[in-house]
1. Taking a quarter of the surface of the convex hull around the Cα atoms of the chain, what do you get in nm²?
2. Under the 0.36 nm per residue contour assumption, what length would be gained going from the current alpha-carbon distance of SER26 and ALA50 to full extension?
3. Where does helix 2-27 land angle-wise versus the long Cα axis of the chain, in degrees 0 to 90, nearest 10?
4. Rounded to a whole number, what % of the accessible area of the stretch 1-58 do carbon and sulfur atoms account for, probe 1.4 Å?
5. Accessible area per residue, 1.4 Å probe, Å², for the chain: what's the number?
Amino acid sequence: MTRLRAIAPLLVAAVLTAIAVVTVKSAGCDDPGRYELVAGGYQLVGGCIAPGDIVVPEPAPVAPLPAAGPAAPAKG
C-alpha cells in the first residue's frame, strides 16, 4: 500500500503531462506570427489569433473627484 501511495502521484503527473503534450500537438498553428513596429506601437502580423478572438472589455468609467474647496493657508 505504501508503494502505491508513493507511485500514484507520479503516475497522475505522467498522465497529465501526456495529455498536455497531445493537446499542444493537436492545437496546430503553422504560422506563429510576428510583431512589427507601426506608428502607434507594435502590431501582431500573422499567427493563429484573429482580431475577434480576444475580447477586451471597455474600462469602467472613473468617478469624478469631488470639487476642491478653498486651499488652507500654509503654516510656517
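1. One quarter of the hull surface, i.e. the mean projection, equals 16.3 nm².
2. 6.8 nm
3. Tilt relative to the chain: about 70 degrees.
4. Within the stretch 1-58, the accessible surface is 66 percent carbon and sulfur.
5. I get 98 Å² per residue for the chain.
The values are calculated or read from the model by the stated rules, or taken from the named source; none is laboratory data. Just so you know, these numbers come straight off a predicted model, no measurement behind them. The accessibility values were calculated without ligands, DNA or RNA, using every heavy atom of the protein model including side chains. Shrake-Rupley method; radii C 1.70, N 1.55, O 1.52, S 1.80 Å.
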